[in-house]
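Reviewing the structure listed below.
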Amino acid sequence: MIRSFIGNFVQDICNHNGYSEEQCEQIQYTTTVLFFEFIKLMSIIIIFSLIGYCKESIIIIGIMSITKPFIGGYHENTQIKCFIATMLITTSVILLSLNCKLNFISNCILILISLFSIYNTAPVLNDKMPITRLELIKRNRILGIIISSIVSTSSILLYKYSELYELITWTILFQSILMFNKIEKIK
């Protein structure tokens with residue numbers, strides 16, 4: 001029902017603006033993905049707000065949202081599985097930040113390991129949405145490294161001023177770990 005509504009809405013826009021069928025398909029795909037991502041992320045933030053972790057969930061979701069499109073990594077094949085995986089990751093990051101107090105050196109080591117992994121692996125391409133143009137792959141790699149470095153540096157700078165540094169560090173670490181999920185299944 002939602003997909004057909006989005007399809008009809010996009011088709012009207014395409015017809016009105018004279019877009020080609022290929023352009024219309026791209027717009028429809030992007031609109032559908034963005035809509036479901038928005039619903040998923042808002043649902044997660046609402047759930048965590050109800051249990052007292054609104055700010056934490058927004059920070060985690062925000063970091064994942066600005067890094068994942070550029071560094072790639074773990075993807076589920078359905079929205080429900082993606083929702084569950086994102087809930088588990090967010091819960092894990094919050095629990096780690098509450099229960100594992102990092103000193104400055106530990107924080108820096110985790111950040112450096114994460115950045116090393118991102119630098120050596122990004123971008124991990126999703127076989128469901130492959131990027132084939134080399135210039136886009138290079139651009140995503142550079143953006144992923146820059147954004148991850150800025151976020152990571154903010155964790156180091158926040159160490160003395162805010163407990164939020166741990167959320168940032170654990171989130172970046174999870175993002176880098178989830179870049180290594182490609183396993184060939186034996187048939």
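For the stretch 101-115, the set of residues classified as surrounded by fewer than 16 Cβ atoms within 10 Å (Cβ to Cβ) and in contact (Cβ under 8 Å) with a residue 24 or more places away in the chain consists of Lys101, Phe104, Ile113, listed by residue number. Remark: Lys182 matches the filter, which requires a residue to be in a loop (DSSP other than H, G, I, E, B), at pLDDT below 95 and touching a strand residue (DSSP E or B) at 6+ places or on another chain (Cβ under 8 Å).
Out of the stretch 10-25, which residues are surrounded by 13 or more Cβ atoms within 10 Å (Cβ to Cβ) and assigned to a helix (DSSP H, G or I)? Selection gives Val10, Gln11, Ile13, Cys14, Cys24, Glu25.
For the stretch 71-81, the set of residues classified as free of Cβ contacts under 8 Å to residues at least 60 places away in the same chain and under 11 Å from the mean Cα position of the chain (by Cα) consists of His75 only.
Of the residues in the stretch 141-148, not one is surrounded by fewer than 16 Cβ atoms within 10 Å (Cβ to Cβ) and among the charged types (D, E, K, R).
Let's see how each residue does on (1) more than 14 Å from the chain's Cα centre (by Cα); (2) of a type in the set (Ser, Thr, Tyr):
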| residue | (1), (2) |
| --- | --- |
| Thr32 | yes, yes |
| Leu41 | no, no |
| Ile44 | no, no |
| Ser49 | yes, yes |
| Gly52 | yes, no |
| Met64 | no, no |
| Lys68 | no, no |
| Ser97 | yes, yes |
| Ile109 | yes, no |
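Out of (1) in contact with a helix residue (DSSP H, G or I) (Cβ under 7 Å, 6 or more places away or on another chain); (2) surrounded by 15 or more Cβ atoms within 10 Å (Cβ to Cβ); (3) modelled with pLDDT under 90; (4) not aliphatic (A, V, I, L, M), what's the single condition that is false for His75? The number of the failed condition is (1).
Can you confirm whether Lys81 is among the basic types (Lys, Arg) and surrounded by 13 or more Cβ atoms within 10 Å (Cβ to Cβ)? In short, no. When restricted to residues that are open to solvent by 10 Å² or more (accessible area, probe 1.4 Å), among the aliphatic types (A, V, I, L, M) and at pLDDT 95 or above, the stretch 159-172 contains 1. Test Ile58 against the criterion of being within 24 Å of Ile2 (Cβ to Cβ), of a type in the set (Val, Ile, Thr), open to solvent by 70 Å² or more (accessible area, probe 1.4 Å) and free of Cβ contacts under 8 Å to residues at least 60 places away in the same chain, and give yes or no. When the stated conditions are applied, Ile58 does not pass them.
Note on the stretch 139-173: residues that are among the hydroxyl-bearing types (Ser, Thr, Tyr), closer than 17 Å to Cys100 by Cα and not in a loop (DSSP other than H, G, I, E, B) amount to 4.
In the set (1) assigned to a helix (DSSP H, G or I); (2) open to solvent by 50 Å² or more (accessible area, probe 1.4 Å); (3) of a type outside the set (D, E, K, R); (4) at pLDDT below 85, Thr32 fails one condition alone, (2).
The values are calculated or read from the model by the stated rules, or taken from the named source; none is laboratory data. Every value quoted in this text rests on a predicted model; they were computed, and no experiment measured them. Ideal geometry is used to build each Cβ from the backbone, glycine not excepted, and the neighbour counts take in all protein chains shown. Just the protein is used for accessible areas: all its heavy atoms, side chains included, with ligands, DNA and RNA removed. Shrake-Rupley method; radii C 1.70, N 1.55, O 1.52, S 1.80 Å.
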